[in-house]
Amino acid sequence: MTADTRIPAEVAAQLGYYVYALRDPRDGQVFYVGKGIGDRINAHVRDARTDLTVERAKLRNINEIEATGQRVDLLFLRTGISEESTAFVVEQAVIDAFAATGHPLTNLVRGHHASRHGLATLPAVISRHRAEPCPPIPFPVIMVKIQKGWRPDANEQQIYDQTRGHWKIASWVRERAQFCLGVAHGVVRGVYRIDEWFPSPVPDDEGQNRWGFVGSDAPELKHVVGTEVRDVFGGRVMYRRFLEGYPGVARELGT
C-alpha cells in the first residue's frame, strides 16, 4: 500500500461512515463487505500481514493476491452515512444481496441484526414478525373493530376512546359482557373492564340503540394486548362480536 492510499483526515471527515468491499483483482469478485469510518477500509490489508486472528478466509485471499504482486481492490459502496446504525443496515443489506445470489463472502458474521431484519423469504418474514395468537379468555367479552380510527402511534387514551363506543349493543349483551377488547387489523390493541354503559350522546345515534361504556384497567387481561384474534371476525364485515369466552387459537408449527 503506497503512502497516498491512506485516507487524510479532511477526506475522512467528508466520508463519514461508509460501507465498502474488498475485491479480488484476479477475477473481479468481491470477497468481503464491511462498514467503517476513517481509515478502516485499509485495515484489512494491514491486518493480513500482522494479525493472524482475523478471518482466515479473508486473510488467505489477501495474502494470495499479494503473492501475485497485485493489490486488493478497495471499493466504497456508499459514503456520507451520518449514523453508525444506518451504516450497519446498509452493510447487512449488501451482504444479504450477495447471499441471495449464492455469492460466497468471507464475512464470519452476516450483518447487524441479520436474524431479525436480514435476508428471508416472504413466508419467513411474516412468521418472524406476526403477532402471537391470543390465549384463551375465560370471561364474557365483546371484541370491537377500531381500525378506522386506530394509528400505530395511538396512545392509551386514544385507544380507549376508540374502543369504548359507540356501538349497537343488545341489552342482554350489556348485562353479560365483562370486558371489551379493541381490535385493529386483527390484533388486540386495548382491553378494558366494562364498569357501566351509557346511551350514545351523538345526535345522529338517537334511536339507533348505540351505547358506550365507562371502563377501567383490566390487569387480568393485559397479557392479551398485542396478540392476534383474526379468527373472531375472519372475512366477515361485522364490527363487533360478543363471546361467552374466547377459546384461543393454536397456531400451526412453522406458520
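The values are calculated or read from the model by the stated rules, or taken from the named source; none is laboratory data. Computed from a prediction, not measured in an experiment: that's the story for all the values here. Every residue, glycine as well, gets a Cβ built from its backbone with ideal geometry; the counts of neighbours run over all protein chains shown. What goes into the accessible areas is simple: the full protein's heavy atoms, side chains included, and nothing from ligands, DNA or RNA. Shrake-Rupley method; radii C 1.70, N 1.55, O 1.52, S 1.80 Å.
Tabulated data for the structure shown
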{"read-out": "Ala100-Asp27 pseudo-label distance in nm [points 7 Å out on the Cα-to-Cβ vector]", "value": "2.3"}
{"read-out": "Spin-label zone in the range 173-189 - amide nitrogen under 18 Å from a point set 7 Å from the Cα of Asp217 along the C-beta vector", "value": "179-182, 189"}
{"read-out": "Whole-Hz couplings from phi, Karplus 6.51/-1.76/1.60, listed for the range 62-69; x for Gly and Pro", "value": "4, 5, 5, 5, 5, 5, 8, x"}
{"read-out": "Sites Gln70 and Ser115, calculated FRET efficiency, Cβ-Cβ separation with R0 22 Å, nearest 0.05", "value": "0.05"}
{"read-out": "Sequence of Met143, Met238 when ordered by accessible area, the most exposed leading, probe 1.4 angstrom", "value": "Met238, Met143"}
{"read-out": "Pairwise FRET efficiency - Ala131 versus Arg236, Cβ, R0 = 25 Å, nearest 0.05", "value": "0.80"}
{"read-out": "Lysine pairs within the chain, Cα separation less than 19 Å, 8 or more sequence positions apart or different chains", "value": "4"}
{"read-out": "Semi-axes of the equivalent ellipsoid for the chain, Cα gyration tensor, largest first, Å", "value": "60, 20, 14"}
{"read-out": "For the range 186-231: rounded, prolate or oblate by the Cα gyration tensor [a/c cutoff 1.5]", "value": "oblate"}
{"read-out": "Candidates Arg40, Arg236, Arg60, ranked by Gaussian network fluctuation over the chain, Cα under 10 Å, top entry", "value": "Arg236"}
{"read-out": "Sequence-distant residues sharing a close amide H with Gly248 (under 5 Å, placed H)", "value": "Ile137"}
{"read-out": "Difference of contour (0.36 nm per residue) and Cα-Cα distance, Thr79 to Val249", "value": "56.4 nm"}
{"read-out": "His112 - accessible surface, heavy atoms, 1.4 Å probe, Å² rounded to 10", "value": "80"}
{"read-out": "For the range 3-145, accessible area per residue (1.4 Å probe, heavy atoms of protein chains only), Å²", "value": "56"}
{"read-out": "Efficiency of FRET between Gln157 and Ala124 - r from beta-carbon atoms, R0 41 angstrom, step 0.05", "value": "0.65"}
{"read-out": "Residues of the range 70-95 with amide N under 20 Å of a point placed 7 Å along Cα→Cβ from Ala57", "value": "72-75, 91-95"}
{"read-out": "Derived scalar couplings ³J(HN,Hα) [the range 37-42; Karplus, 6.51 cos²θ - 1.76 cosθ + 1.60; whole Hz; x for Gly, Pro]", "value": "8, x, 9, 3, 4, 8"}
{"read-out": "J(HN,Hα) series, the range 222-239, from Karplus relation 6.51 cos²θ - 1.76 cosθ + 1.60, nearest Hz, glycine and proline x", "value": "4, 5, 8, 5, x, 8, 9, 10, 4, 5, 5, 9, x, x, 7, 8, 4, 10"}
{"read-out": "Accessible-area composition of the chain, carbon plus sulfur, in percent [1.4 Å probe]", "value": "53"}
{"read-out": "Area of Leu77 that stays accessible when all protein chains are in place (1.4 Å probe, Å², to 10)", "value": "80"}
{"read-out": "Unit Cα scatterers, Debye sum, the range 1-148: log10 I(q)/I(0) for q = 0.10, 0.22 Å⁻¹", "value": "-0.47, -1.45"}
